[in-house]
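The structure under discussion appears below in the form of structure tokens.
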């Protein structure tokens, strides 16, 4: 993952203080002084960034902002808030996986398509991710082995039943039936 970045927006004195101790940080620090410069960065540049500003300079349409409300604040409290918010950003960025037109949030175990979402079970997520990261069709036997960790050749319809229910859930909620495709060799995304 790329290194995280703290952007100090329109707080020059606070930037100077933080810049003096930047060697102790596990993130990069930069400053921006105008809303135009900040908005120029907006195209995906904020994914690993936290914008530190105050209530007066808050930009409502930009996420990942830490708004300082009251001054003076102790530097240790500011650093604690920065680190907590950067951890949240990192956690959220690591949890999101794109599969075709769908977005899967591993933390909440939800799948999204446009503005709709549904909850998935852990096994449903495992099935989707295994098929997504496979570069070929996966047989029922291989799914049984890799997702369920079954070692025996006992006849069971566990895989087919789970995939049937998952496909039905996706079809009913998103009116989409092309996420998991049946092939002559098994299943694929």
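Throughout, read-outs are computed from the coordinates displayed, never taken from laboratory work. As the structure is a computational prediction, the values presented were derived from the model and not from experiment. FYI the Cβ positions are ideal-geometry reconstructions off the backbone, even for glycines, and counts take in every protein chain you see.
For this structure, a couple of remarks:
- Relative to the longest principal axis of the Cα atoms of the chain, helix 122-133 runs at roughly 90 degrees.
- Between residue 148 and residue 87, the C-beta separation translates, for a Förster distance of 41 Å, into a calculated FRET efficiency of about 0.80.
- Centre-to-centre separation between the Cα atoms of the stretch 129-176 and those of the stretch 3-58: 45 Å.
- This structure gives P(r) over Cα pairs in 10 Å bins from 0, in percent, computed directly, and of [x] 9, 37, 38, 13, 2, 0; [y] 8, 28, 22, 16, 15, 9, 2; [z] 8, 26, 22, 13, 8, 6, 5, 4, 3, 2, 1, 0, 0 that value is listed as [y].
- Separation of the residue 140 and residue 116 label points, Cα + 7 Å toward Cβ, nm: 2.9
- Angle between the chain longest axis and helix 75-95 axis [Cα atoms, degrees, rounded to 10]: 20
- The packing ranking, built from the mean of other Cβ atoms within 10 Å per residue, places the peptides 82-88, 177-183, 6-12 in the order 6-12, 82-88, 177-183, highest first.
- Over the chain, DSSP H runs of length four or greater, each weighted -39,500 (n - 2.57), average out per residue to a 222 nm ellipticity of -12000 deg cm²/dmol.
- Taking Cα atoms only, the orientation of helix 158-174 departs from the longest principal axis of the chain by about 50 degrees.
- Global geometry of the stretch 1-78, whether rounded, prolate or oblate, following the gyration tensor of its Cα atoms and the 1.5 cut on a/c: oblate
- For the stretch 1-147, share of DSSP beta bridges that run antiparallel, in % to the nearest 5: 45
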